[in-house]
Structures are given as C-alpha cells and as structure tokens.
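Every read-out reported here was derived from the displayed coordinates using simple, explicitly stated rules and does not represent laboratory data. Small disclaimer: the values here were computed from a predicted structure and weren't measured. Methodologically, a virtual Cβ is constructed for each residue, glycine included, from the backbone with ideal geometry; neighbour enumeration extends over all protein chains shown.
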Amino acid sequence: MVTHKEEQWLQYNNLTHLNENWTLFANTGARWKDGFEEFAILFGRAGAAYSVSEKIGVAAGFTYVEFYADKEQYLVELRPYEEVLIRDTGAHTLKLNQRFRFEQRFYNPVVDGKIQSDNTFALRFRYALMTGITLFRLSKDNPDAKFRLNISDEIMFNAGKNIIYNVFDKNRFIISPAVQLNKWITIAVAWNNQFAASSSEAGHYIYTNALWVNLTHTINLSKKKLGDINGKFPVIPATNSNL
C-alpha cells in the first residue's frame, strides 16, 4: 500500500567560515502538509565542519525537532550526528560529492506541553550523492550572480530494537534550481521527491512530493577569499535535507 502526500517546507541556512578549515553552520525551518493547511514540523540545527584535506571534510552537529498533529505538539526528537564529506576535486565541470552521516535519535513524547524524560532510541545511517552546475550568469557586472541547478539523491536506513517495519527508512531525490544573488545570499526552490517506509505497518509506504524553499546566508570571517573556501565546503543545505 502506498499513501501519497503533499508538503511545503521553508528553511533558512547559515554558513559562517571562521578560517580556511573551520566553518560553523546552522539552520532552522518549518514544514506543513496539504497546502500549508496542517503544521507538521519545526526544527533547528547547529554544528561545525572541518576540512581535513581538499577531498575530505568532517562535521558534527545537533538537531532539535518538534512534531505536531492537529495543531498540538506530541513529540520532540533530540539528534546528535556525525558525518564525512568526500569532495570531487577533479577538473571536470560536473562534480559528484558524497556524504556519509551517522545519527543518534532520541524521541521524547510531549504530554500537556511538557517533554517527558522517557524516550525511545534509534540509529540512522544516511548516504547522499550530490552535484550541481552553473547554468548561466545573471549579470555581466556581477560575476557572483548565477543560476545553478543542484541535484541530490539520499538513501537512509534505521537500526535499533524499536525498528521493526522500517529498516529501510526512505529515499529522497531532490532537484533544486538556485539563484545566487551574490557571494552571500542564495535562494533555492526545490522539488523534493521522497519514498519512505511506514514505521507502524509492514508493506506500507509513503510517497511525498514537497515544495522546499531555501534561503542560504554565507558569512566569511576568514582572511581567505570566499571562492577559495567554498571549494572546500559545498553548500549542502541547498541540495540536501537534514531531516
């Protein structure tokens, strides 16, 4: 059995480059169902990334998620995670980056507006392939103004004693046209196609089409030029979801 859903996502991303190797990142967002009729998710994330070499980057972060149904908050997830990014440093135009992420997920029920201490625990493993290409420049006077197309596919698997029906969690395919206004601001409107397994029923899958609007704000506190640093830290949030 397959259930079809429509969702709408809004998200703000921030990347703050401290120097050539270290970057702080954060984002926050909200998600709705059925044309903004039902509020579903509110989340925030923060962490740090380190460039080990031109090809390898590592990162760790923490995600806080609130889940809603019928306008009531019913669940909070606390999720630390770690990841490794393998960058394509070849001379070709279309570069293919890979990301491996390991998540530890703590689900806490909410009763009468209060987060309960009792929780359930699960692990999730994620593997993503990401690429992007500049299709054309938006201005002759501003070389940083570009129209880009970002594409990614990510598969996720769950593990833990409470995982019964959804060892395969989901596959998420994203096509994201993005307008880079300058070095600091990028706006993306993505089509997010997601195929997920139900956690409560065997053989039940959920097919979701999501419209996802992203605003990414980059801050450079490094002495290096931003273009040199961005080669080490591809803008993942515009092409790949964190939930």
For segment 28-110 the trypsin sites (Lys or Arg not before Pro) that pass both the DSSP coil test and the at-most-16 other-Cβ-within-10 Å test are Lys55, Lys71
For segment 136-172, listing chymotrypsin sites (Phe, Trp or Tyr not before Pro) in a DSSP loop whose Cβ sees at most 14 other Cβ atoms within 10 Å gives Tyr165
Taking 0.36 nm per residue of separation between Phe100 and Asn193 and subtracting their Cα-Cα distance, the length gained on full extension comes to 31.5 nm
Residues other than Pro109 with Cβ under 15 Å of its Cβ, Lys/Arg counted +1 and Asp/Glu -1, net out at -3
For segment 136-201, listing trypsin sites (Lys or Arg not before Pro) in a DSSP loop whose Cβ sees at most 11 other Cβ atoms within 10 Å gives Lys140, Lys161
Checked against the positive end of the charge dipole of the chain (+1 on Cβ of Lys and Arg, -1 on Cβ of Asp and Glu, about the Cα centre), the farthest of Asn97, Ile175, Val189 is Asn97
Dividing the mean separation of Cα pairs under 8 Å (6+ apart) by the residue count of segment 2-230 yields a relative contact order in percent of 18
With +1 at each Lys and Arg Cβ and -1 at each Asp and Glu Cβ, the charge dipole magnitude of the chain around its Cα centre, to the nearest 20 debye, comes out at 980
If each K or R counts +1 and each D or E counts -1, the residues other than Glu77 whose Cβ falls under 13 Å of its Cβ total +2
Segment 1-148: spread of alpha-carbon positions along the three principal axes, whole Å, largest first, is 55, 36, 35
If each K or R counts +1 and each D or E counts -1, the residues other than Leu211 whose Cβ falls under 9 Å of its Cβ total -2
Among Lys5/Lys183; Lys71/Lys114; Lys95/Lys146; Lys33/Lys95; Lys33/Lys161; Lys114/Lys170, the pairs whose Cα-Cα distance exceeds 26 Å are Lys5/Lys183; Lys33/Lys95; Lys33/Lys161; Lys114/Lys170
